[in-house]
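Heads up, the thing below is written out as structure tokens.
The values are calculated or read from the model by the stated rules, or taken from the named source; none is laboratory data. What you are looking at is a predicted structure, and each value in this text was computed from that prediction instead of being measured. Cβ: placed from backbone, ideal geometry, glycine included. Neighbour counts: every protein chain shown. What goes into the accessible areas is simple: the full protein's heavy atoms, side chains included, and nothing from ligands, DNA or RNA. Shrake-Rupley method; radii C 1.70, N 1.55, O 1.52, S 1.80 Å.
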Amino acid sequence: MYLKYLDIHGFKSFADPVRIEFKEGITVIVGPNGCGKTNIVEAILWVLGEKALSNLRSSSSTDLIFSGSKTRSPLGMAEVSITFDNTKRIFDIDADEVKVTRKLFRDGSGEFLINGENARLKDIKRLFLDTGLGVSTYSILKQGVVEKIIHSKPEDLRVFVDEAIGVSKYQFQKKEAERNIEKSLEDLNRVEDILHEVKKQLSSMEYQARKAKKYNELVDKYKNLKINFLLRKYDELNKKLKEKNKEWKKSEEEWVSLKE
Ligand code: ATP
Ligand code: MG
């Protein structure tokens, strides 16, 4: 991997835009105490996604923005871009250069860009996985870190070794997969709760449906009985009417015979 440029503007002591060009081979930065050498390393750490302000020797994020000097007023924004050669497609991006930019404003808001497009910190981390570059890898060693590595416990040393042999990408993916599984299990639990609730409602609805069916059957039965009853009553009344008609006819005949 080949680091091409580092552009710094408004980050810590860099009030004016500065481009540091890295040629092939080794680049050494020299300068008097307090001239900003460590600030350059911190600019690299920061643009790669460093979150811990203590690693940037700051207590608040606005400490990272140029705070002014005797001759210059403070700036409102810090911006750092790091550009890598990607002709060998080391990064999973189809472009000959990969430029990562981080910006920070005085109100505390900020943004990341990859080749000019908005990105999340997660995307930056993913981009650098297994390239050996990243805020917590062996590629950026601050003062005293070499000593720390030499004296570190085997389990701490493993983090560096994992990164070097490319395991961390899979560890990252494993963690992400585990988080997804956990979320899916939670969703599944919720679905089971809903299912349980629906089943409860279903059984109460089934009970009501059974009752409604029974009601309809009883109504039908009642109707049939009423029809039968009315038919029978009609027959009875019809019979009585016929008898009365007969009686009436008889009385009429009697009446006629009496008249004669
Ligand atoms: P040394 O050789 O002592 O390690 P160095 O070259 O690493 O020095 P740095 O520590 O990178 O120097 O730079 C420190 C300088 O950066 C200090 O002068 C400090 O005032 C300046 N500085 C840090 N933060 C800001 C800021 N937000 N605004 C302006 N200047 C800042
Ligand atoms: Mg220093």
S73 meets each of (1) surrounded by fewer than 20 Cβ atoms within 10 Å (Cβ to Cβ); (2) touching a residue at least 40 places away in the same chain (Cβ under 8 Å); (3) within 12 Å of ligand 1 (Cβ to nearest atom); (4) not aliphatic (A, V, I, L, M) with one exception, condition (2)
I'd like to know if the range 221-234 contains one or more residues that are modelled with pLDDT of 95 or more, under 51 Å from the mean Cα position of the chain (by Cα) and not hydroxyl-bearing (S, T, Y). no
The range 50-70 - residue that is within 16 Å of S13 (Cβ to Cβ) and among the small types (G, A, S) and, of those, surrounded by the most Cβ atoms within 10 Å (Cβ to Cβ): S58
Identify the residue in the range 31-44 that is surrounded by fewer than 18 Cβ atoms within 10 Å (Cβ to Cβ) and in a helix (DSSP H, G or I) and, among all such residues, is nearest to ligand 2 (Cβ to nearest atom). T38
Output for the range 99-124, where each listed residue is surrounded by fewer than 18 Cβ atoms within 10 Å (Cβ to Cβ) and part of a helix (DSSP H, G or I): L121, K122, D123
Go over the candidates D96, D92, D85 one by one and state the one that is open to solvent by less than 80 Å² (accessible area, probe 1.4 Å) and either within 16 Å of ligand 2 (Cβ to nearest atom) or closer than 25 Å to R120 by Cα (or both). D85
M77 fails exactly one of (1) closer than 22 Å to Y170 by Cα; (2) modelled with pLDDT of 95 or more, namely (1)
V47: within 16 Å of L121 (Cβ to Cβ), crowded, with 19+ Cβ neighbours inside 10 Å and in contact with a Phe, Trp or Tyr (Cβ under 6 Å, 6 or more places away or on another chain), yes or no? no
